[in-house]
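The values are calculated or read from the model by the stated rules, or taken from the named source; none is laboratory data. Predicted model, so just to flag it, every value in this text is computed and none were measured. Here the Cβ positions follow ideal geometry from the backbone for every residue, glycine too, while neighbour counts run over all protein chains shown.
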Amino acid sequence: MKDLFERPSGGDAAILVSVDFGENDYQESLEELRQLSLSAGLAVLGKVEGKRSVPDAKLFIGSGKADELAQMMQATESHVAVFNHDLTPSQQRNLERLLQARVVDRTGLILDIFSQRAQTHEGKLQVELAQLEHLSTRLVRGWTHLERQKGGIGVRGGPGETQLELDRRMLRVRVKQLREKLLKLKAQRGMQRRARKRSNVMTVSLVGYTNAGKSTIFNRLTKANIYAADQLFATLDTTTHKIYIEGCGSVVLSDTVGFIKHLPHALVEAFGATLEEAVQADLLLHIVDTASTNRDEQIAQVNKVLHEIGASEVPQILVYNQIDRVGLEPAIGRDEYGRITSLHVSAKTGEGLDFLRAAMAEHYQYVQKQSTEESAFI
């Protein structure tokens, strides 16, 4: 089958397309699309914007804007149109026929980035599963080989089976295989977690919006050397290290994939095994980009995904990172019971990271005290 996510031949110049349907975060969403496109290796040469109450059924943006897009792509010699929305399969096909160029929607773009960044065996399996599930709705295309075939066995399909039917069947088989492999890996993770529970080792997961600085903090705490860069989804695979924290001993620290607005549901499901590190953690360190102008919305988006994956009840500490960019000093925030609820740190300079270590130790001691009191009560 033709790879839906391969880069088009002839270049990677792209035009962004975004429609304002009256959302409050429209400009932030468009800027995020630009960053996503750059992260995918595309050269953004322009953008086409419009306002609508509802999408056009045939071309999403309407015929007038579609013609404007075609003219801009021709003038800039761009080969890719990147939409800041999810397109239906028919809309994507219609646009590709009109533009004679590659059309990628928001979900397809994120999947493309994930396919580039996955490094581990599990990460690659999860990406492939998400891609195939996205592809399954887009198999009805203008292929020339969809005529009815002769009967046969195995890969040739059954009597009179069309190429389209054969492709769909092969896709279903591969999806089933991927799910089975991921279930085995999930079971292995479960055994590892149970072993850590038996040894009374606290598990801590770093979560947060993409590009908030999770990997930099992880590297600071563990002295690891995982890739960190100022781009969306710089790291994809969950990385786990054991560190020593005075006051609680060994701690298993995990750096998870960054979250983003409108994260494709296929990815939330496909990355369930990886995100399960957050679900099963004893403590979540929710890393926030202090310098972001829409940090409150990003916090809400992360909490929304945590709720979707069943991690909303895990104790959480907000870690406001990058205070060096806004001129703030390291600080600790506490609730009315004296428990640490927030921290202000800088992963870049290392300021406030002692507070972060102290917060993990304090949480461990609090949990141990609660456990002791419950045992005494029983």
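Within segment 110-134, the set of residues being among the hydrophobic types (A, V, I, L, M, F, W, C) and either part of a helix (DSSP H, G or I) or within 25 Å of ALA70 (Cα to Cα) (or both) comprises ILE110, LEU111, ILE113, PHE114, LEU125, VAL127, LEU129, ALA130, LEU132. Evaluated against (1) modelled with pLDDT under 95; (2) part of a helix (DSSP H, G or I), SER78 falls short on exactly one condition, (2).
Whether a residue is surrounded by fewer than 19 Cβ atoms within 10 Å (Cβ to Cβ) and either in the same structural domain as SER215 (by TED's automatic domain parsing) or modelled with pLDDT of 85 or more (or both) was assessed, and GLY258 does not pass this test. Scanning segment 51-62 for residues that are surrounded by fewer than 17 Cβ atoms within 10 Å (Cβ to Cβ), of a type outside the set (D, E, K, R) and touching a Ser or Thr at 6+ places or on another chain (Cβ under 9 Å) gives a single hit, ALA57. From the list ILE299, ILE317, ILE287, the lone residue that is at pLDDT 90 or above, assigned by TED's automatic domain parsing to the domain that holds THR216 and in a helix (DSSP H, G or I) is ILE299. In the condition set (1) buried (at least 16 other Cβ atoms within 10 Å of the Cβ); (2) under 28 Å from the mean Cα position of the chain (by Cα), PHE355 is compliant with all but (2). Of the numbered criteria (1) crowded, with 20+ Cβ neighbours inside 10 Å; (2) closer than 26 Å to ASP296 by Cβ; (3) among the aliphatic types (A, V, I, L, M), the one VAL48 fails is (2). Between THR107, THR137, which is among the polar types (S, T, N, Q), modelled with pLDDT of 80 or more and either within 30 Å of THR239 (Cβ to Cβ) or not in a loop (DSSP other than H, G, I, E, B) (or both)? One residue alone meets the criteria, THR107. Applying the criterion of being touching a strand residue (DSSP E or B) at 6+ places or on another chain (Cβ under 7 Å), outside any strand (DSSP E or B) and under 27 Å from SER115 (Cβ atoms) to the residues of segment 1-37, the residue that is modelled with the lowest pLDDT is PRO8.
Within segment 81-91, the set of residues being buried (at least 17 other Cβ atoms within 10 Å of the Cβ) and part of a helix (DSSP H, G or I) comprises just one member, GLN91. Just one of the numbered conditions (1) of a type in the set (A, V, I, L, M, F, W, C); (2) in a strand (DSSP E or B); (3) buried (at least 22 other Cβ atoms within 10 Å of the Cβ) is not true of LEU69: (2).
Scanning segment 296-332 for residues that are farther than 20 Å from GLU362 by Cα and small (Gly, Ala, Ser) yields ALA300, GLY310, ALA311, SER312, GLY327. Would you check which residues across segment 308-321 are more than 15 Å from the chain's Cα centre (by Cα) and not hydroxyl-bearing (Ser, Thr, Tyr) and list them? GLY310, ALA311, GLU313, VAL314, PRO315, GLN316, ILE317, LEU318, VAL319, ASN321 - these are the residues of segment 308-321 that are more than 15 Å from the chain's Cα centre (by Cα) and not hydroxyl-bearing (Ser, Thr, Tyr).
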